[in-house]
Amino acid sequence: MTKAELQASPIYWMLAYSESDMAWLSRHGYPSIEEEAMLSKTSIENLKALADGGDLNASIHLGLRHSKNAITTGDAASFRAARNELDRALIGGGPYQSAKTIAFFAELANDPRSHGEMSATTVKEIERHLLQYHDIARGLSSLFGDSVIERVGNGLSSDLGRVFGLPPKPQMSFEMAMRQFSNINASRVQRGLPPFALERRPSEPGGFQFQENNVVYSR
């Protein structure tokens, strides 16, 4: 694929750029492009049935679908449903769930009015229910060394609340970030899951960069 083709693709972060990258995506449960398209078209009711059956890829789609509805309508029940699914998907999932979350918020930050005018109440609900999961997703993607999704978030402040006019929040210390990660791992154990196995995503030295011509592997 050419550089222009990749830059125009909304899911270039899901593509594999080497055989080792392809194997990493498969090991960490990334859906194929066809499966991703299917999940994107699946109804909320069917996503919920899949998520309740243990499909964490469906769970993150469901959480972000509820998030979009909540931001658009300001509906309190949608915010609560989004929070529940994002928690289930990000704590129980892995780098795909984190990357999908980052891509959603990056798109929102690039055009925060794409979901219509937001009331002060809606902004507070976004702060209360959603922004913490953007922080968790960024942290987990960094721990997995996913330089491809980091490129999607380039220029996106870790303090996403500023996009919505919220006051800046203090920067988290390294010790606090590690404590939060420890708490997430403890939550996984409580749910009968193993702690995260932090296998870095294969990448070129210096991280992912678009080339004029790129070899992309299909799965």
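Which residue out of Gly192, Gly145 is in a loop (DSSP other than H, G, I, E, B), on the phi > 0 side of the Ramachandran plot and out of contact with any Ser or Thr (no Cβ under 8 Å at 6 or more places or on another chain)?
After ruling out the rest, the residue left standing is Gly192.
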TODO: For region 96-105, indicate whether the set of residues that are assigned to a loop (DSSP other than H, G, I, E, B), under 23 Å from Asn185 (Cβ atoms) and open to solvent by less than 10 Å² (accessible area, probe 1.4 Å) is non-empty.
DONE: no
Open item on the list: Whether any residue in region 41-58 is open to solvent by 30 Å² or more (accessible area, probe 1.4 Å), touching a residue at least 24 places away in the same chain (Cβ under 8 Å), touching an Asp or Glu at 6+ places or on another chain (Cβ under 9 Å) and farther than 21 Å from Val152 by Cα is what I want to check.
Closed with: no
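Of all residues in region 159-171, how many are surrounded by 11 or more Cβ atoms within 10 Å (Cβ to Cβ) and over 20 Å from the mean Cα position of the chain (by Cα)?
So the answer is 2.
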Task: Selection count, region 1-19, where residues are in contact (Cβ under 8 Å) with a residue 24 or more places away in the chain, in a loop (DSSP other than H, G, I, E, B) and open to solvent by less than 70 Å² (accessible area, probe 1.4 Å) - done: 4
Open item on the list: Please go through region 172-189 and give me each residue that is open to solvent by 70 Å² or more (accessible area, probe 1.4 Å) and assigned to a loop (DSSP other than H, G, I, E, B), ordered by number.
Closed with: Met172
Open item on the list: Quick check on Lys100: is it touching a helix residue (DSSP H, G or I) at 6+ places or on another chain (Cβ under 9 Å), under 23 Å from Ser218 (Cβ atoms) and basic (Lys, Arg)?
Closed with: yes
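The values are calculated or read from the model by the stated rules, or taken from the named source; none is laboratory data. Since we're looking at a predicted model, the values are computed, not measured. As a convention, Cβ positions derive from the backbone with ideal geometry for all residues, glycine included, and neighbour counts pool all protein chains shown. Quick note on the areas: whole protein, heavy atoms, side chains included, nothing else; ligands and nucleic acids left out. Shrake-Rupley method; radii C 1.70, N 1.55, O 1.52, S 1.80 Å.
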